[in-house]
Structure formats: structure tokens, C-alpha cells
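Take a look at the structure below.
The values are calculated or read from the model by the stated rules, or taken from the named source; none is laboratory data. Predicted model, so just to flag it, every value in this text is computed and none were measured. Neighbour counts are summed over all protein chains in view; Cβ atoms, including those assigned to glycine, are modelled from backbone coordinates with ideal geometry. The area values use the complete protein model at the heavy-atom level, side chains included, leaving out ligands, DNA and RNA. Shrake-Rupley method; radii C 1.70, N 1.55, O 1.52, S 1.80 Å.
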Amino acid sequence: MKTNDLILQFTAKIVFFIIFFFSIHIFFAGHYTPGGGFVGGLLTSSAIVLLVIAFDLKTVRTILPINYMYMTASGLILAFATAAYPIFDGKPFFTHYFDYFNLPLFGKTSLHTAALFDLGVFLVVVGVTMTIIQTIGEDE
Amino acid sequence: MQVLAIFIPLLAAILIPLLFRYARTIHTGWFVLIVPLLLVSYYVTFISRVMDGDTALASFNWIPSLNISFESYLDGLSLLFSLLITGIGTLVVLYSIFYLDKTKEQLHNFYIYLLMFMTAMLGVVQSDHMITLYLFWELTSISSFLLIGYWFQRDKSRFGALKSMMITVAGGLLMLGGFVLLAQMGGTYSIRGLIAQVPHFWDSQYFVLALVLILLGAFTKSAQFPFYIWLPDAMEAPTPVSAYLHSATMVKAGIYLVARFTPIFAVSEVWIWLVTGIGLLTLIWGSFFAVKQTDLKGILAFSTVSQLGLIMSLLGASAIAFHVEDAANTVFKYAAFAAIFHLINHATFKGSLFMIAGIVDHETGTRDIRKLGGLMSMMPLSFSVAFISGLSMAGLPPFNGFLSKEMFLTAMLTLKDFELFEFSTWGILLLIVAVVASIFTFVYSFYFVFKTFMGKLQVDKLPQKPHEAPIGMLIAPLILAALVMLIFFIPNVIGSVFIKPAVFAMQPFLYQDPFLSNMPSSIDITVKLWHGWTAPELWLTVCIIAIGAILFVTLTKWQKLYRLQPEKFSINALYDFVMDGIFNRGMAKLSKRIMHGSTRHYFMYMFAAISLIVIGTLFYKNAFKLSFKAAAPIELYQLILIIVLVLGTLTTLIARSRITAIVGLGAVGYTVALFFVMFNAPDLALTQLVIETISVALFLLVFYHLPRLGKVKEYTPFRFRRLVVSIGIGAMVTLLALSAHSQKLVQSINEYYKETVYTLAGGGNIVNVILVDYRGFDTLFEITVLGLAGMGIYAMIKLRLSRKEKSNESE
């Protein structure tokens, strides 16, 4: 039983990008305004879920050939590595570094290792959510 | 560099999977061989320094705030052990290259575990800090667990691996308790620091407790009575592992520990009695039951148990030297010397015997001594090695075992004359035990060597046609056998290079006499090949050989006696009863009673427990305090939202179709998100909205697979109970929230966050900064849990799927 859901599929393609970029914005904005890695990750996965609903799991798998288990693992490694880095600097575990830089195009910007940690969170959230959805969705 | 050397095997292990995968034509063992070879040549450079009584110390700060550091402390004792670990390690790796087939075996696993073990062992013997010592100690247990269970498809391997780990880890935990007590008394975790202030705390009330706990750790590791039961089962490991772990290194960690703590505990009589007594008991028990075994490796396992007991008893005797004045000049100094000497000798002859057992197994396909015999003509080289090492184990000249056994007898003879702690009355018993055990040692050594290689060849009973092993496999045992002979002829060189520095490390107080120089070379012990006709040791040896020979010749007649011991009353049966009877079956029964497979009931239990505990605690602590003073007025739109919330919940509860329930649940979630928006929590609202969306989508995705609602009919009492539980949970949450709002015991922490969020963390959004910075640990472990949950779901569903497919195929 295949229904013709052209409008849904077409809209989904556009909305996917809107949500995805919004999630990136949310991720970076997180340090100063509402947002952060957790919500950002959830938004990204919701964008992918939208695609899954509009098309189906197999199609999405071919469009985004990502191994979400690896994604989870790399997120965890990134988070742990960010937290562990200060040890080699003689500082306690989980010391964050931040400073302000003058970057071209952005002007005065603060760069923060917390963002790296947050990126790890982001990756784990996307990885886990999508792993769960994929495995449960595929379980026939 | 010195600290790094400990970790080199572990670092090398990272490369092993790559080498195994991409260099398949070459046996992975050849690459691994480089590591112990490098290390042994590195440690050799320390010999000359340590011979002069010098020590080398290097450390690396690990957790400075807790004063925990990785330290490498090389004195005579730890250097000797390091050389044994890396030296025997080299030979074992060489042997394993020919023993393990590169096409059939999972070599990368094997060598990773082996290298991990090497690091752990080096760490144990070199650590000066007791916490890192404990860390490495348990790492040896874990890596030996992996090595014993290397052929994990076999039930017996898994059983043996588990058994060894249960016993040694339990002992290790007790030992940790001892360490902590000791550190509390002495105020430091450094062993050197403790030794330096020994007399200060030996009358503390916890001194004996700490002593017993630490001894338990040493006894479990060194397979002393009654903890030896894991060692015979550990023989399921591949033979290189048995040769390495169960003769030369891991089981000697307990010996090392006792030797290392001798200066601290020797003042106590309990120490002397326990170490000597348990050692002698293990010695006689192990040697007696070795003759019962029919498996080649089984015989060796029991013989290792007994030999470890021998070394242990000598260590106990060496502690007496602390109680005698001028001990350095009396005859008591022999005990420590003999212990270390026998330790070295045991490593050489037992290592090669294990390798021979492996070769026999490899070339004939069986290790059952009843099927073997007459292999001498087929395998002349193996026989020579077995002959030399076996006779050394039996304590015969001209092999090194003879020398250390003579010294053992000397030490036991002196114990008899000693009048401290009533040894004068009991001493003769010790001597009798020692002699009887030596007789059985003689018997099992001959049993092992001659039943295998002499007699009639029974080719039809052997699974394979026997022939000599490839030369590569023989190199390592040949080297060890050569050492066995060499040590006999140059015992005093070995003595001054290896043994005296080790003894010096064990008994530092004895040799710091103004008249004697503060150097290992001041220990005036020379090993004599010949004691003269009047020496009692000689006549004891003659007696041992004579009785042993008679017993060996009449072996078939009296070996039946062993059948008299019923299996039911052995220590193994006790272990099985505890592990299988209590933990496996008893716990299974218990969990079956509670967990009968209905999620609804589990939830009910959990919720009932939570509400009971929380409400109970609130009442007990008198924590209820309801005040509505600070409460804001309820607006009309809030009221409307609440009505929506309640209606949504009710819809979910009474809905007859799944989709209605999902929509109802979604409504609840979105309404809660709206509340978050209203109460100035945009972060929470955002997250809640996205979560709601995703979970609704997930529901839709799995819609087809869910069971229909309303199928489960339950009788009324159950529904009533559920009503009570849900009201309880509701009441609990409401009361908790209200009383939390009504009373403020401490000032709210949010002011602190508000003030410091920019200066300390360089951020603006408090919620996010808390997540990634202030409470980063929480987040780190949350995402770890999240990752594990994802992996769990993946594994459960995928594995179930693949199993289903398999069962379909088999049908």
C-alpha cells in the first residue's frame, strides 16, 4: 500500500534544511541564549525523522549513509577527550579554557572548549536517537 | 623512562590488532617478541647499580590532589621480579609463536591480553604506592581471566577463568582493606615510607587486622591452602599462559607481596605463624595430591601449589630473623636467601616443564598420563629437557633445585632449634612436614617425567602419531633447561648478582650494622655444593631419595588410596556449592518469584516503593511545611491549561484505540512545554517540544508493531491497588513540590551562577553553562548512559532478529 504523498515529500525536503540549519544555530547560540548541544542534537534528529516519515527508512539510509553507532562513539570520545585534555596540562579534569579572539567576518568572538564538549553531546544525542529510531523502525 | 617502561607492553598492545590484520603472513608473535626483549635488556642495565645496594626511583604524578602517583621503585627485589617477568616473558612469547597456529587462532586477542598482563605484573612489583599497587594487582587478575578464558568456546575455560578471577579478586579487595588500614596507621601510602617508621605503629589495634587482610590477598594470588583450588582449573588456558602466569609470574605476585611487606610485619608473631604454617600446609597438601592427578598439566599445577607453599614457608621463617639479636651472623639468614633462590629455580624448571607438557599435548594430542608412555625414543630432545627439569624439581644434583632444597632443609633444621614462639616443641613437626613433602615432591617429579617418556608406547591410544616437536618450539625450554644446569654450577654468582640484593631489600634492618657495610655484598652466604659427610641435610636428602624411590616403584599399588577421598567433601565442592547452588540457582529462584515478565507490575512495584519511601521519609523527618504566602495568583489561562492537561491525561488513560492515546499523550507534553514557556524556562520548553515531537513520530513509526490496547483484563483488586499507587505517586510529587517551595533552608544557588557565569565560564546562558561547565560531569555521564542505552536497544533488537533468522534457517 503505497500512498502518493508528493506534497509531504517536497515540503519535507525544504523543511529538513530549515530545521537542520536552525539546529546548528541553536547549537552555537547555546552559550548565550537558549539552546545547546542537547536541544541542537534533538532538533537535527527530528529533522531526519521528518525525512523518515515522508519517505521511508531505506531511502533515508541511502541519502544519509551514516553509521550512527560510530557517531555516538565519536561523540563520546570527543566529550571525554575535551574533559581529559587539562590533565596533560597539569590542571584538574574538566577544566575549560576560553578566550576572546578577533576573527575575520565574525569580529570579536569568544572561543570556548565547552563548545567542543557540547559538540560531543550533540553527536551522542543524534547518534543515539537515530540508532533507536532506526533499529525499532526496522524491527519487522 | 623508568615509569614508561612499565607501560610499554600496554602501549605496544594497541598496535597488535593492526599487525594481526595487515601483516598476516608473519606470525604476530614475532612483533610481540620485541617488547619483552627490549625490556629485559633495559632492566639488565640496572643490575650493577642494584648490586651495590643502590635503588632507582622514578615517578609520574597521576592524581596529585590525592597524592597518588605511578612510581617505579627498583631495588633488589623488584628488579629480580622485573627480570623474571620480562625474561620468562621473552621465552614464553617465543614458545607461543610455534605453539599457536597463526591461521586458526585469534592471535591478536591472545597477545593483547599477554602484553596487558606484562604491564600489570611490572606495575605490581615496581609500585611503591599501595593504591597503584592494588590497581595493577587487580589488572593481573583481569588479564589472567582473559588469558585463561582465551578458548572461550569451551565451558571448562570459562569456568576456570571465572573461578580464578572470583578468588583472586576477592582476595585483592581484602588486601585493599589492609592497605587502607596500614595507610591510616602510618599516615602514608608509600611502602618505603611505612618501612621507615615501622616500630611506631606495630602496637596499633588494627595492626594484626591489616596483616591478615594483606596476607589473604597474597594467599589467594599465590594459590595457598585453601585458595589453591583455582590453579588446577586455570590449566584450561593455552600452555604458554600456564608456563608464564602459573609458574613464573602471577602466582608469584603473592610471594612478592609477602617479601615486600616482611620488614613491616615481621615484628608480629601472627605473621610468622600464618606465613610459615599456611606455607607448609600448602606444601604438603599440594605435593600429596599432585600424585593423584592424571593430567600432565594437573600434576604441574599441584606441584606449583606445593612449591609456592615451600617458598612461602621460607619467607615466614625469614621473618624470625627480625626477632633474634645479631641475626645477620646466625644461621637464620638462610631462610630468605633460600626463598629467593628457590623462586628463581622454580621459574626455570617449572617454566620448562610446562612447555614440555604443552609440547607433549601438541605432538600427541593428549595430556592424559594413562595414555602416554615411551615417548623417549620419539622425542629425545623433549625428554632431555623434561629429565633435567624434572630431576631439578625432585631436588637431585647436579641441578639447581637440589641447592635450594638443601637450603630449605637447612632453614627448617634451624627452626627446630629456635626457642622463640615455642618453635622448640613444634619445630620438629615442621621438619617432618618438610621431609614428607619433599618425598612426595620426588615422587610426582618422577611420575611426571618417567610415566610420560618411559615404559611402553601405546600408539593406538594416542589421537596423533607422536614425533619430535619443531625446533622453534624447543628453543625456549632448552634455554631454561640450560639455565637449570648452569645455576647449579655457578650458584654464588647468581647469589651475589640477584639473590643478595633481593634479600637485602627484604631484610634491610639486619644488614645496616656499623660493623657490616651497608651493602648487599655484606651478606655472607655462600652456597655449598657439598656439606660434608656429617651434615644432617645430606642424610635427609638420602632418606628422601630412598623413600621416594620406593614409593615411585610401588606407585600403582597405593595410588588407589586417593579414591578414598570423597569428592563431596573437597574445597572444590564447597566452591561449587556457593557459586552454583547459592548464587546461580538460588538467585534464579528468587528473581523468578519477583520478575514474572509483566512490565505493568514492575512499574507498580517501583512506583509504590518510591512513593512509600519518599512520603515516609518526609513524615519521619517532619519535613512537611505548606505555606502559600509566596505563591503567585493563578491566572485564568493557566487554569485553562491545567484543564487541558488533565483532560489529555484522562484521554490517554481511557482511550480504546492506540492513536487516540498517543494524541492525548502528545497534548499533555505540549501543555507542559507551554507551562515552561510561561515560567521563563525557554531552554526546557525548547527541549520538551522537540522531545514530544520526536516521541510522537517514534510512536507513529512503530505503530504497527505495538499490541492492541485494552486486551489485558485484570481482576478488580489489582486495579484497585493500581489506583492507590497512582494516587500515592501524585500525592508524593505534589507534597514534595509544595514543601520544597514553602521552605528554604539554604540560600538558592542561582545567585552564585548569575554572578559568575560570565567571569568564570565566559558564557551567558546559565542553563547551558551549568550543563557543559559547572556540572559537566553530570552531562558527561548522562551522555555515556544515553550511548549505552542506545547500544542496548540496538543489541536487543538486532540480536533477537538475527537469532530469529537463524532459528528459521534451522527449521
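Exactly one condition in (1) among the hydrophobic types (A, V, I, L, M, F, W, C); (2) surrounded by fewer than 22 Cβ atoms within 10 Å (Cβ to Cβ); (3) more than 20 Å from B:Val696 (Cβ to Cβ); (4) touching a Phe, Trp or Tyr at 6+ places or on another chain (Cβ under 7 Å) is false for A:Phe27; which is it? So the condition that A:Phe27 fails would be (2). Entry remark, the stretch A:88-122: residues being in contact (Cβ under 8 Å) with a residue 12 or more places away in the chain, more than 7 Å from every other protein chain (Cβ to nearest Cβ) and assigned to a strand (DSSP E or B) number 2 in total. Number of residues in the stretch B:29-49 that are in a loop (DSSP other than H, G, I, E, B) and either touching a strand residue (DSSP E or B) at 6+ places or on another chain (Cβ under 6 Å) or not hydroxyl-bearing (Ser, Thr, Tyr) (or both) equals 1.
Scanning the stretch A:96-122 for residues that are open to solvent by 60 Å² or more (accessible area, probe 1.4 Å) and either aromatic (Phe, Trp, Tyr) or touching a His at 6+ places or on another chain (Cβ under 8 Å) (or both) yields A:Tyr97, A:Phe98, A:Tyr100, A:Phe101, A:Phe106. Applying the condition of being more than 9 Å from every other protein chain (Cβ to nearest Cβ) and of a type in the set (Val, Ile, Thr) to the stretch B:677-699 and asking which residue is least open to solvent (accessible area, probe 1.4 Å) yields B:Val696. Restricting the first member to the stretch B:741-770 and to residues that are more than 15 Å from B:Asp683 (Cβ to Cβ), and the second to residues that are open to solvent by less than 60 Å² (accessible area, probe 1.4 Å), the beta-carbon pairs closer than 6 Å and six or more apart or on different chains are B:Ser742/B:Ser627; B:Ala761/B:Val769; B:Ala761/B:Asp773; B:Gly762/A:Ser110; B:Gly762/A:His112.
Among the residues that make up the stretch B:50-58, is at least one of them in a loop (DSSP other than H, G, I, E, B), over 19 Å from the mean Cα position of the chain (by Cα) and without any contact (Cβ under 8 Å) to a residue 12 or more places away in the chain?
Within the stretch B:50-58, the subset in a loop (DSSP other than H, G, I, E, B) is B:52-55.
Imposing the further condition that a residue be over 19 Å from the mean Cα position of the chain (by Cα) reduces the set to B:52-55.
Going one step further and asking which of them are without any contact (Cβ under 8 Å) to a residue 12 or more places away in the chain, we end up with B:54.
Checked the stretch B:50-58: at least one residue is in a loop (DSSP other than H, G, I, E, B), over 19 Å from the mean Cα position of the chain (by Cα) and without any contact (Cβ under 8 Å) to a residue 12 or more places away in the chain.
In summary, B:Phe777 fulfils each of the numbered conditions (1) at pLDDT below 80; (2) closer than 24 Å to A:Tyr68 by Cα with the single exception of condition (1).
Considering (1) more than 24 Å from B:Val553 (Cβ to Cβ); (2) in a loop (DSSP other than H, G, I, E, B); (3) in contact with a Phe, Trp or Tyr (Cβ under 9 Å, 6 or more places away or on another chain); (4) not hydrophobic (A, V, I, L, M, F, W, C), the lone condition that B:His342 does not fulfil carries the number (2).
Condition first: closer than 17 Å to B:Arg775 by Cβ and either facing another protein chain (nearest Cβ under 10 Å) or not in a strand (DSSP E or B) (or both). Can you find one or more residues in the stretch A:64-76 that meet it?
Taking the stretch A:64-76 as the starting set, the residues that turn out to be closer than 17 Å to B:Arg775 by Cβ are none.
Within the stretch A:64-76, not a single residue is closer than 17 Å to B:Arg775 by Cβ and either facing another protein chain (nearest Cβ under 10 Å) or not in a strand (DSSP E or B) (or both).
Being open to solvent by less than 40 Å² (accessible area, probe 1.4 Å), without any contact (Cβ under 8 Å) to a residue 40 or more places away in the chain, facing chain B (nearest Cβ under 10 Å) and not acidic (Asp, Glu) is true for just one of A:Val125, A:Val60, A:Val39. Which residue is that? Full working, then the answer.
Values: A:Val125 fails: without any contact (Cβ under 8 Å) to a residue 40 or more places away in the chain; A:Val60 fails: facing chain B (nearest Cβ under 10 Å).
The match here is A:Val39.
To keep it simple, each residue is scored yes or no on (1) touching a strand residue (DSSP E or B) at 6+ places or on another chain (Cβ under 8 Å); (2) open to solvent by less than 50 Å² (accessible area, probe 1.4 Å); (3) not charged (D, E, K, R).
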site: B:Arg158; (1), (2), (3): no, no, no
site: B:Ile167; (1), (2), (3): no, yes, yes
site: B:Leu173; (1), (2), (3): no, no, yes
site: B:Phe179; (1), (2), (3): no, yes, yes
site: B:Trp202; (1), (2), (3): no, no, yes
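Just one of the numbered conditions (1) among the hydrophobic types (A, V, I, L, M, F, W, C); (2) within 13 Å of chain B (Cβ to nearest Cβ); (3) in contact (Cβ under 8 Å) with a residue 24 or more places away in the chain is not true of A:Ala29: (3). Of the numbered criteria (1) part of a helix (DSSP H, G or I); (2) open to solvent by 30 Å² or more (accessible area, probe 1.4 Å), the one B:Phe20 fails is (2).
Number of residues in the stretch B:88-110 that are farther than 19 Å from B:Leu10 by Cβ, of a type outside the set (Ser, Thr, Tyr) and surrounded by 24 or more Cβ atoms within 10 Å (Cβ to Cβ) equals 1. Quickly run through the stretch A:64-86 and pick out the residues that are under 16 Å from B:Leu780 (Cα atoms) and open to solvent by 40 Å² or more (accessible area, probe 1.4 Å). Those that are under 16 Å from B:Leu780 (Cα atoms) and open to solvent by 40 Å² or more (accessible area, probe 1.4 Å): A:Ala73, A:Ser74, A:Ile77, A:Leu78, A:Phe80, A:Ala81, A:Tyr85.
Out of everything in the stretch B:741-778 that is over 21 Å from A:Ile26 (Cα atoms) and under 43 Å from the mean Cα position of the chain (by Cα), what residue ends up being farthest from the other protein chains (Cβ to nearest Cβ)? Give the derivation first.
Of the residues in the stretch B:741-778, the ones over 21 Å from A:Ile26 (Cα atoms) are B:741-756, B:759-760, B:777-778.
Then keep just the ones that are under 43 Å from the mean Cα position of the chain (by Cα); that gives B:777-778.
Working: B:Phe777: 7, B:Asp778: 11 Å.
Top of the filtered list is B:Asp778.
Looking across the stretch B:105-145 at every residue that is polar (S, T, N, Q) and in a helix (DSSP H, G or I), the one that is modelled with the lowest pLDDT is identified as B:Asn109. The condition of being more than 7 Å from chain B (Cβ to nearest Cβ), assigned to a helix (DSSP H, G or I), over 27 Å from B:Glu692 (Cβ atoms) and modelled with pLDDT of 90 or more does not hold for A:Tyr85.
Taking the conditions exactly as written (open to solvent by less than 70 Å² (accessible area, probe 1.4 Å), of a type outside the set (Gly, Ala, Ser) and either more than 8 Å from chain B (Cβ to nearest Cβ) or part of a helix (DSSP H, G or I) (or both)), does A:Phe22 satisfy them or not? Against the criterion (open to solvent by less than 70 Å² (accessible area, probe 1.4 Å), of a type outside the set (Gly, Ala, Ser) and either more than 8 Å from chain B (Cβ to nearest Cβ) or part of a helix (DSSP H, G or I) (or both)), A:Phe22 does not qualify. Of the residues making up the stretch B:592-625, those that are open to solvent by less than 70 Å² (accessible area, probe 1.4 Å), without any contact (Cβ under 8 Å) to a residue 12 or more places away in the chain and closer than 24 Å to B:Arg719 by Cα are B:Gly597, B:Ser598, B:His601, B:Tyr602, B:Ala609, B:Gly616. Of the candidates B:Leu308, B:Leu280, B:Leu300, B:Leu314, the single residue that is under 30 Å from B:Thr452 (Cα atoms), modelled with pLDDT of 85 or more, more than 24 Å from the chain's Cα centre (by Cα) and not in a loop (DSSP other than H, G, I, E, B) is B:Leu280. Return yes when B:Tyr670 is in contact with a helix residue (DSSP H, G or I) (Cβ under 8 Å, 6 or more places away or on another chain), of a type outside the set (A, V, I, L, M) and modelled with pLDDT of 85 or more and no when it is not. Against the criterion (in contact with a helix residue (DSSP H, G or I) (Cβ under 8 Å, 6 or more places away or on another chain), of a type outside the set (A, V, I, L, M) and modelled with pLDDT of 85 or more), B:Tyr670 qualifies.
Which of the residues belonging to the stretch B:759-790 are within 24 Å of A:Met130 (Cα to Cα) and either in a loop (DSSP other than H, G, I, E, B) or among the polar types (S, T, N, Q) (or both)? Scanning the stretch B:759-790 gives B:Asn768, B:Thr779, B:Thr784.
Okay, residues lined up against (1) farther than 19 Å from B:Tyr334 by Cβ; (2) of a type in the set (S, T, N, Q); (3) modelled with pLDDT of 80 or more:
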residue	(1), (2), (3)
B:Ile369	yes, no, yes
B:Met379	yes, no, yes
B:Ala386	yes, no, yes
B:Leu391	yes, no, yes
B:Ala394	yes, no, yes
B:Pro397	no, no, no
B:Leu403	no, no, yes
B:Glu406	no, no, yes
B:Lys416	no, no, no
